[in-house]
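Asker: This structure is in structure tokens; I'll ask about it shortly.
The values are calculated or read from the model by the stated rules, or taken from the named source; none is laboratory data. For clarity, every value in this text was computed on a predicted model and none was experimentally measured. Neighbour counts run over all protein chains shown; Cβ positions are idealised from the backbone, glycine included. Only protein heavy atoms, including side chains, enter the accessible area calculation; ligands, DNA and RNA are left aside. Shrake-Rupley method; radii C 1.70, N 1.55, O 1.52, S 1.80 Å.
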Amino acid sequence: MYCGSVGVPRYLLLCASLFALLFAHSWSDAWIGDFWIYTATLREVAQSPLRPRHPLLGNDDPFVFVSPYTWVLGLASRLSRLTAFQTLVAQGLVNLALLLAALWGFVRTWLRRPAAAFYALLFVLFLWGRDPWQFSGFFHLRSLAVVLPYPSTFAFGLALLTLAAFPGAVASGRLAWCASTLPVLALLWILHPVNGLFLALGLVVSSVTIAGGRRRWELLALVFAASLALAFAWPFFSVTDLWFGQLDRVHEGNDTMYDAPLPRIAPALLGAPWLLVRLRQNPRDPLTLLTLALGALVFLGGLTGQFTLGRLVSHTAILLQISCADACAALEERLRGVRWRRAVAPAAAAILVAVSWPGRVKPTIDESWRGDTAWLSFLETRVGPYAVVMTDLETCWYVPTFAGKVVAYPMQLPFVPDHEERVRRVERFFAPGVGRGERCETLRRFGAKYLLLDESRVGPLIEELRPLGESVYSGRGYELLRVAPCY
């Protein structure tokens, strides 16, 4: 079995190279965006695991990032005495191991060609068009370097692993698959519903292809219903309200999924003809049926304005990339008796990758290697855990990871009804020429006790803002003021 024997070491070598690269990147300060929301959430859960407050704003509003994922990691941080940063980075490496194992298992059971796993990983990392999305749930190398610790990465790995195990578990005739699938599905509904939908569709498609009677469908329906009931019982925020009351806010940031999607995934579309070949060989081919179902949902999302469904474009592209991998592995099998057979398919894959992503083979990880990951640590000894810090809209991304809360966050989040007012007030506070009285009223409105000034951002305003408080720290490009009782 040439393909299988060569495929395992080849896959392990690619996995080891990827792990080494991302391990080195992870312990730098090159993290952006949501990463700092997650570290703030872990810090808050570690401080108060039973009654966490809003990790960013410090009030009692529910916060959608307080999921089972962040709750367990926050508790782990508390028990291990690791910082939130260290805990989240370590979990990112666990997520990578899970993702790699899940991809191997999925290819092995759904394609029955273990050698295709090498090509599948290669294509998932590189087989993309121009300007692919850097969002959670997208795993090309540039995005994976950023989203590795996110719950979406964990959720996709868990979904893929469950789909890999499901056919064998069902075929065994035992009902253990119910007990294992139920908690996984419930977990995904809470921490990343898009991956919950992916798993649910995969379970349905897989069930279609496995011989069986009405009883299994009844059990699957029961698992779906019970998983939703468990998800709706999550105590730290209302999943029901998120789905049916906050969905417009969720859709707002996902309309970019429909910004020229086909050119962005164009190379992966090369897998479509091979899916048709598979469908011709087996009209109930699970890989083809799942790809078609996901593609239909993406189309439906754009048609109806339910833009969150557009996030499934990543899953659709990955299945198309896996289809390309299957074609490469099939080519290897056909060339067993040909001289240089061991080089033909890998060379074809390398050419495909080079053509699809010219000049962009390295990830975006070269901006700040080995930088200072605790540059705001001076806050920890000067600001209380729930003291509100007034700072600009860029610096506020980072403050709650170290100490204190902030007035506003530039990212629109569910369950924050006064988001627009908060952002407007902060922007106005740091506008030149605003009177002292107006600034004091804003500090009073949000209970801010400290004012953090990033010299590189507020620049000429520093002299204008210093009279608002007493300096308690100055250095490394920052000045921290304890706000005077101007209110």
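Table: residues versus (1) touching a residue at least 60 places away in the same chain (Cβ under 8 Å); (2) open to solvent by 10 Å² or more (accessible area, probe 1.4 Å); (3) among the charged types (D, E, K, R).
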{"residue": "S136", "(1), (2), (3)": "yes, yes, no"}
{"residue": "R142", "(1), (2), (3)": "yes, yes, yes"}
{"residue": "S172", "(1), (2), (3)": "no, yes, no"}
{"residue": "L185", "(1), (2), (3)": "no, no, no"}
{"residue": "L188", "(1), (2), (3)": "no, no, no"}
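Asker: Pick from the stretch 300-312 the residues that are assigned to a helix (DSSP H, G or I) and either open to solvent by 10 Å² or more (accessible area, probe 1.4 Å) or acidic (D, E) (or both): which of them is nearest to G105 (Cα to Cα)?
Answerer: Start the filter on the stretch 300-312 by keeping residues that are assigned to a helix (DSSP H, G or I), which leaves 300-304, 307-312.
Subsequent filtering for residues that are either open to solvent by 10 Å² or more (accessible area, probe 1.4 Å) or acidic (D, E) (or both) retains 300, 302-304, 307-309, 311.
On the way: L300: 30, G302: 32, L303: 34, T304: 35, F307: 31, T308: 28, L309: 26, R311: 23 Å.
This residue is R311.
Asker: State yes or no: is L100 open to solvent by 10 Å² or more (accessible area, probe 1.4 Å) and at pLDDT 95 or above?
Answerer: Working: open to solvent by 10 Å² or more (accessible area, probe 1.4 Å): yes; at pLDDT 95 or above: yes.
Considered against the rule, which asks whether it is open to solvent by 10 Å² or more (accessible area, probe 1.4 Å) and at pLDDT 95 or above, L100 comes out as yes.
Asker: A further question follows. For the stretch 459-487, give me each residue that is assigned to a helix (DSSP H, G or I) and open to solvent by 10 Å² or more (accessible area, probe 1.4 Å). Don't jump to the end; show me each part of the working.
Answerer: First, pick out the residues of the stretch 459-487 that are assigned to a helix (DSSP H, G or I): 459-468.
G459, P460, L461, I462, E463, E464, R466, P467 - these are the residues of the stretch 459-487 that are assigned to a helix (DSSP H, G or I) and open to solvent by 10 Å² or more (accessible area, probe 1.4 Å).
Asker: Could you list all residues from the stretch 225-251 that are among the small types (G, A, S) and surrounded by 15 or more Cβ atoms within 10 Å (Cβ to Cβ)? Please lay out each step first, then the result.
Answerer: Step one: filter the stretch 225-251 for residues among the small types (G, A, S), giving 225-227, 229, 231, 233, 238, 245.
Result: A226, S227, A231, S238.
Asker: Taking the options F35, F85, name whichever one is among the hydrophobic types (A, V, I, L, M, F, W, C), under 28 Å from L185 (Cβ atoms) and part of a helix (DSSP H, G or I).
Answerer: Values: F85 fails: under 28 Å from L185 (Cβ atoms).
None of the others qualify; the one that does is F35.
Asker: Output the residues belonging to the stretch 207-224 that are free of Cβ contacts under 8 Å to residues at least 24 places away in the same chain, open to solvent by 60 Å² or more (accessible area, probe 1.4 Å) and in a helix (DSSP H, G or I). Give the steps one after another, and end with the answer.
Answerer: First pass over the stretch 207-224, keeping only residues free of Cβ contacts under 8 Å to residues at least 24 places away in the same chain: 211, 213-215, 217-218, 220-221.
Within this subset, residues satisfying the condition of being open to solvent by 60 Å² or more (accessible area, probe 1.4 Å) are 211, 214-215, 217-218.
Selection gives R214, R215, W217, E218.
Asker: Out of the stretch 270-299, which residues are open to solvent by 70 Å² or more (accessible area, probe 1.4 Å) and more than 30 Å from F415 (Cα to Cα)? Please lay out each step first, then the result.
Answerer: Let us first name the residues in the stretch 270-299 that are open to solvent by 70 Å² or more (accessible area, probe 1.4 Å), namely 270, 273, 276, 280-281, 283-284, 292, 299.
The answer is L270, P273, L276, R280, Q281, P283, R284, L292.
Asker: Then there is this: Can you tell me which of (1) surrounded by fewer than 22 Cβ atoms within 10 Å (Cβ to Cβ); (2) assigned to a loop (DSSP other than H, G, I, E, B) is the one V72 doesn't meet?
Answerer: With (1) surrounded by fewer than 22 Cβ atoms within 10 Å (Cβ to Cβ); (2) assigned to a loop (DSSP other than H, G, I, E, B) applied to V72, the lone miss is (2).
Asker: Among the residues of the stretch 263-285, write down those that are without any contact (Cβ under 8 Å) to a residue 60 or more places away in the chain and of a type in the set (A, V, I, L, M, F, W, C).
Answerer: L269, A272, W274, L275, L276, V277, L279
Asker: Take the stretch 382-434 and flag every residue that is open to solvent by less than 10 Å² (accessible area, probe 1.4 Å), within 15 Å of G447 (Cα to Cα) and part of a helix (DSSP H, G or I).
Answerer: Scanning the stretch 382-434 gives V426, F429.
Asker: Output the qualifying pairs, or none if there are none: Cβ atoms under 9 angstrom, residues six or more apart or on different chains, first residue in the stretch 12-29 and more than 13 Å from L141 (Cβ to Cβ), second residue basic (K, R).
Answerer: Listed pairs, sorted by first residue: A24/R370; W27/R370; S28/R370; D29/R370.
Asker: Does any residue of the stretch 40-54 turn out to be in a helix (DSSP H, G or I), among the small types (G, A, S) and under 19 Å from the mean Cα position of the chain (by Cα)?
Answerer: Step one: of the stretch 40-54, the residues in a helix (DSSP H, G or I) are 40-47.
Pick out the ones that are also among the small types (G, A, S) and you get 40, 46.
Subsequent filtering for residues that are under 19 Å from the mean Cα position of the chain (by Cα) retains 40.
Yes; the residues of the stretch 40-54 include at least one that is in a helix (DSSP H, G or I), among the small types (G, A, S) and under 19 Å from the mean Cα position of the chain (by Cα).
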